[in-house]
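Chemist: My questions all concern the structure below.
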Amino acid sequence: MTRTLILGGARSGKSTRAEQLLGEHPDVLYVATGGNREGDAEWAARVELHRRRRPAGWRTAETWDLEAVLADGADPAPVLIDCLGLWLTHVMDRAGAWDDGDWVRSAEASVAGRCAELAEAVRLTSRQVVLVSNEVGLGVVPATAAGRRFRDTLGRLNMAVAEAADQVLLVVAGQVMTVKDAQRGRQ
């Protein structure tokens, strides 16, 4: 069992690399966290591109309940979760985290709790899992408080999941760099 976190910027090739890591498995549960964006043709094209790349035997689940997927010991198939940034967007939407007042009153604690639960689920899973997330520490500082809040929260989530993972890979321009490999003793 291996828990791998793949980080990278937008259009860096991180999803393709995640799919390649599990390419030899005939049955993979691909967990899509992006949701459905009615009327967004560009989003639909991106989703279709991802679907076409996947082997025919792979299953797809569109869900935000990642903790339940990771805890499902009855399904032995490896799991590919794409991506944590979209999952976090949903969590922040549900918590009302975009509003400054709601953030201070309750959303910050709610979002932090969900992030901690997910990192713990990654740590405890008996399934092979590959998680994809955006590396946000190398980019532009968002102009809005809500944007900075998201960037900071995703950065903390990535750190927590990386700590729980056996392996962390960074994809830059389609090239993979090993950041952490607990099985080989490198970090």
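The values are calculated or read from the model by the stated rules, or taken from the named source; none is laboratory data. Everything numeric in this text was worked out from a predicted model, so none of it was measured. Here Cβ is always computed from backbone atoms with ideal geometry, including for glycine, and neighbour counts include all displayed protein chains. For the accessible areas, the whole protein counts, side chains as well, though only heavy atoms, and no ligand, DNA or RNA atoms are used. Shrake-Rupley method; radii C 1.70, N 1.55, O 1.52, S 1.80 Å.
Chemist: Quick one: count up the residues across the stretch 28-56 that are closer than 21 Å to residue 70 by Cβ, of a type in the set (Gly, Ala, Ser) and not in a strand (DSSP E or B). Full working, then the answer.
Modeler: Residues of the stretch 28-56 closer than 21 Å to residue 70 by Cβ: 28-35, 50, 54.
Retained after the next criterion (residues that are of a type in the set (Gly, Ala, Ser)): 32, 34-35.
Next cut, not in a strand (DSSP E or B) only: 34-35.
Number satisfying all stated conditions: 2.
Chemist: Determine, yes or no, whether residue 22 is aliphatic (A, V, I, L, M) and either touching a strand residue (DSSP E or B) at 6+ places or on another chain (Cβ under 7 Å) or surrounded by 14 or more Cβ atoms within 10 Å (Cβ to Cβ) (or both).
Modeler: Details: aliphatic (A, V, I, L, M): yes; either touching a strand residue (DSSP E or B) at 6+ places or on another chain (Cβ under 7 Å) or surrounded by 14 or more Cβ atoms within 10 Å (Cβ to Cβ) (or both): yes.
Spelling it out, residue 22 is indeed aliphatic (A, V, I, L, M) and either touching a strand residue (DSSP E or B) at 6+ places or on another chain (Cβ under 7 Å) or surrounded by 14 or more Cβ atoms within 10 Å (Cβ to Cβ) (or both).
Chemist: Shifting gears a bit: Return yes or no: is residue 80 buried (at least 18 other Cβ atoms within 10 Å of the Cβ) and either out of contact with any helix residue (DSSP H, G or I) (no Cβ under 6 Å at 6 or more places or on another chain) or outside any helix (DSSP H, G or I) (or both)?
Modeler: Considered against the rule, which asks whether it is buried (at least 18 other Cβ atoms within 10 Å of the Cβ) and either out of contact with any helix residue (DSSP H, G or I) (no Cβ under 6 Å at 6 or more places or on another chain) or outside any helix (DSSP H, G or I) (or both), residue 80 comes out as yes.
Chemist: Suppose the filter is touching a residue at least 24 places away in the same chain (Cβ under 8 Å), open to solvent by 60 Å² or more (accessible area, probe 1.4 Å), within 28 Å of residue 149 (Cβ to Cβ) and charged (D, E, K, R); does residue 62 pass it?
Modeler: On the way: touching a residue at least 24 places away in the same chain (Cβ under 8 Å): yes; open to solvent by 60 Å² or more (accessible area, probe 1.4 Å): yes; within 28 Å of residue 149 (Cβ to Cβ): yes; charged (D, E, K, R): yes.
Against the criterion (touching a residue at least 24 places away in the same chain (Cβ under 8 Å), open to solvent by 60 Å² or more (accessible area, probe 1.4 Å), within 28 Å of residue 149 (Cβ to Cβ) and charged (D, E, K, R)), residue 62 qualifies.
Residue by residue, here is whether (1) within 18 Å of residue 68 (Cβ to Cβ); (2) in contact with a helix residue (DSSP H, G or I) (Cβ under 7 Å, 6 or more places away or on another chain); (3) acidic (Asp, Glu); (4) open to solvent by less than 20 Å² (accessible area, probe 1.4 Å) holds:
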| residue | (1), (2), (3), (4) |
| --- | --- |
| 105 | no, no, no, no |
| 119 | yes, yes, no, yes |
| 133 | no, yes, no, yes |
| 139 | no, no, no, no |
| 142 | no, yes, no, no |
| 154 | no, yes, no, yes |
| 161 | yes, yes, no, yes |
| 164 | yes, yes, no, yes |
| 184 | no, no, no, no |
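Chemist: Now, a different point. Among (1) hydrophobic (A, V, I, L, M, F, W, C); (2) within 24 Å of residue 36 (Cβ to Cβ); (3) at pLDDT below 95, which single condition is residue 173 missing?
Modeler: Just one mismatch for residue 173, condition (2).
To keep it simple, each residue is scored yes or no on (1) under 17 Å from residue 82 (Cα atoms); (2) touching a residue at least 12 places away in the same chain (Cβ under 8 Å); (3) of a type in the set (Lys, Arg).
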residue	(1), (2), (3)
117	no, yes, no
128	yes, yes, no
137	no, yes, no
144	no, no, no
180	no, yes, yes
